[in-house]
Amino acid sequence: MSADSTPQNESFDDGSFHDLVGEALGPIHLSADELDAFVTSLSRRHRNVVRLRREVAAESLPFPVVPVPWYPLGYRCESDQTRPSKELAFAAGDYYVQDAGSLLALAALQADQPDVLKHQVVCDLCAAPGGKATAILEALQNTGFLLANEPIRSRVPALLHNLARTGSDRFAISQMDPDDLAKKLTGCFDVVVVDAPCSGQALLSRKRQSISALSPHQIEHSASRQQRILSAATRLLRPGGKLVYSTCTFAAAENEAQIDGLLASHDFTPETIPSLQPYASTVTNGCYRLWPHRDECAGSFAASLIHGETSWSAKTFRSNKPYKSPVSLNQWFNEPAAPDRYFGSDSSLYAIPSDAPVWVERVATQGPEVAHRTGKVWKPAHAAALRRGTSLSSRQTMDVDDEMAAQYLSGAPIPCSDRGWTVVQYQGRPLGWVKGDRGMGKNHLPTASRFTQLATPR
Ligand SMILES: C[S@@+](CC[C@H](N)C(=O)[O-])C[C@H]1O[C@@H](n2cnc3c(N)ncnc32)[C@H](O)[C@@H]1O
């Protein structure tokens, strides 16, 4: 089923299911009627919403939308017929498509605010596929830095793909167990986000979880893993830093109880987010919940905590030996005003701003790719074509109209008067590379970035 298809209506209606749900909610009391409505809603699929890139106006979208009340950059499509992930505007990076529930953590982070995350060094400890990380990167506005950590290797390509779509170069990916990362980078972050692996009860409606998500065993297993991850998160944070915790599950043991545990064992104060008061949890301060039967989304939990100013020693690092680029980049890019810092593997070259934290190369496995090697030949990377407002800019660009953009996004060659590597732009937004020769541009869009069934432009 596609990300934006219509709700399903298979219901879970036997009494034992109600009992399991009630047990999972623990101290959170719902009246009998509300519990019924909640259980019914667990089998109803909610449509995804769009989260706008901050410079995109809702009025410019090619379909009518209504605002999501808890996150100013979130909008629902007015019509059930709209398929937001089939639009040219999506291909051009104007928005991200996700469940409205996942915007709660971004609201707790205040990622929509103009300056809250600017200049911050942020760790997204459980980052793939990047629903939060991409929003954080946009909120950094070409300042600060994001370390997106994802220990499950098979989930990293999607994360890298989504981070590249932001056009930012202020990120790196690490693939470490949180405890090992905390040993290396103690006290290095202003903000740590833990969007924790959980029993995923909110995914029941998407058929991405089975009823076992409600079993006490599954909840206990998830809760003890969350506790370990949170313990690492507290060590990654600098004194006075902010910890945002979120899940897509309803069990109190994985939500409020985790926050209660942190408040009891560490010097944290819950942060009150005034705009989230309508969603405040009834059992713990500073915790917020969305419910599928109340809020037209799959449901989620989020909390934001501020660490006390008690000091402990953050790790210090010596500067790295400069990594020499194995390929000359100025054949494709204008010389950057401030030289970038490079790191890489045999077949990939990554470039981050020179003011990125000095520890990046010690933990990063990937980052903003600028070139990759096939056989003996280095080529400019797709991610580098997508960069916006960073130090590297491509030497050649060409603008295309709707029709040519759709042709390019399908993977087909397009007419190109320039020779050599050229970035294709649609209404000022970069789409990818062509290599021009004798009037035609050979398409270098990676398969994962192609769109074969775009909606017809209106
Ligand atoms: C709820 S998902 C994160 C979703 C992501 N933040 C987003 O917004 O797209 C939880 C992630 O944690 C990862 N994970 C699993 N075990 C982990 C662990 N022990 N430490 C950190 N992350 C883990 C999973 O692979 C998964 O990608």
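Remarks
- Residue identified as more than 16 Å from the ligand (Cβ to nearest atom), at pLDDT below 95, assigned to a loop (DSSP other than H, G, I, E, B) and surrounded by fewer than 24 Cβ atoms within 10 Å (Cβ to Cβ) among Leu35, Leu30: Leu30
- The listed residues are Gly344, Gly308, and the only one of them that is of a type in the set (Gly, Ala, Ser) and without any contact (Cβ under 8 Å) to a residue 24 or more places away in the chain turns out to be Gly344.
- Looking only at the stretch 172-195, and only at residues there that are part of a loop (DSSP other than H, G, I, E, B) and closer than 24 Å to Gln110 by Cβ, the one that is farthest from the ligand (Cβ to nearest atom): Gly187
- Residue list for the stretch 207-227, restricted to those being out of contact with any Pro (no Cβ under 7 Å at 6 or more places or on another chain), within 13 Å of the ligand (Cβ to nearest atom) and among the charged types (D, E, K, R): Arg208
- Subset of the stretch 38-56 (residues that are assigned to a loop (DSSP other than H, G, I, E, B) and of a type in the set (Val, Ile, Thr)): Val56
- Failed item, numbered, when Leu61 is tested on (1) under 30 Å from Arg238 (Cα atoms); (2) surrounded by fewer than 23 Cβ atoms within 10 Å (Cβ to Cβ); (3) away from the ligand (no atom under 12 Å from the Cβ); (4) at pLDDT 95 or above: (1)
- Qualifying positions in the stretch 138-164 - surrounded by 19 or more Cβ atoms within 10 Å (Cβ to Cβ) and of a type in the set (D, E, K, R): Glu138, Glu150
- Close pairs from the stretch 118-139: first without any contact (Cβ under 8 Å) to a residue 40 or more places away in the chain and farther than 17 Å from Asp99 by Cα, partner crowded, with 24+ Cβ neighbours inside 10 Å and of a type in the set (A, V, I, L, M), Cβ under 8 Å, at least 6 apart: Lys118/Ala139; Leu137/Leu146; Leu137/Leu163
- Hey, Ala448 surrounded by 21 or more Cβ atoms within 10 Å (Cβ to Cβ) and either out of contact with any Ser or Thr (no Cβ under 9 Å at 6 or more places or on another chain) or not in a strand (DSSP E or B) (or both) or not: no
- Selection within the stretch 95-125 - closer than 24 Å to Ile229 by Cα, part of a helix (DSSP H, G or I) and more than 8 Å from the ligand (Cβ to nearest atom): Gly101, Leu103, Leu104, Leu106, Ala107, Ala108, Leu109
- When Thr269, Thr249 are checked against the criterion of being away from the ligand (no atom under 13 Å from the Cβ), modelled with pLDDT of 95 or more and out of contact with any Pro (no Cβ under 6 Å at 6 or more places or on another chain), Thr269 stands alone in meeting it.
- Look at the stretch 142-157: where a residue is over 8 Å from Val122 (Cα atoms) and more than 7 Å from the ligand (Cβ to nearest atom) and a partner is of a type outside the set (D, E, K, R) and assigned to a helix (DSSP H, G or I), sitting 6+ places away or on another chain with Cβ atoms under 7 Å, you get Ala148/Ala133; Ala148/Leu159; Ala148/Leu163.
- Considering residues of the stretch 126-141 that are of a type in the set (A, V, I, L, M, F, W, C) and touching a strand residue (DSSP E or B) at 6+ places or on another chain (Cβ under 6 Å) only, the residue farthest from the ligand (Cβ to nearest atom): Leu137
- Counting only strands (runs of 3 or more DSSP E) that sit wholly inside the stretch 214-310, those with at least 2 residues that are closer than 24 Å to Asp179 by Cα are 237-247, 268-270, 300-307.
- Elements of type helices (runs of 4 or more DSSP H) contained in the stretch 340-433, each with 3 or more residues being more than 26 Å from the chain's Cα centre (by Cα): 402-409
- Pairs where the first residue, in the stretch 169-192, is in contact (Cβ under 8 Å) with a residue 40 or more places away in the chain and over 19 Å from Pro239 (Cα atoms) and the second is in a strand (DSSP E or B) and of a type in the set (Phe, Trp, Tyr), C-beta under 9 Å, 6+ apart: Asp169/Tyr350; Arg170/Phe145; Phe171/Phe145; Ala172/Phe145; Ala172/Phe343; Ala172/Tyr350
- None of Gly286, Gly308, Gly261 is surrounded by fewer than 21 Cβ atoms within 10 Å (Cβ to Cβ) and in contact with a helix residue (DSSP H, G or I) (Cβ under 9 Å, 6 or more places away or on another chain) except Gly261.
The values are calculated or read from the model by the stated rules, or taken from the named source; none is laboratory data. Source: prediction; values computed, not measured. Please note: Cβ atoms are built from the backbone with ideal geometry, for glycine as well, and neighbour counts cover all protein chains shown.
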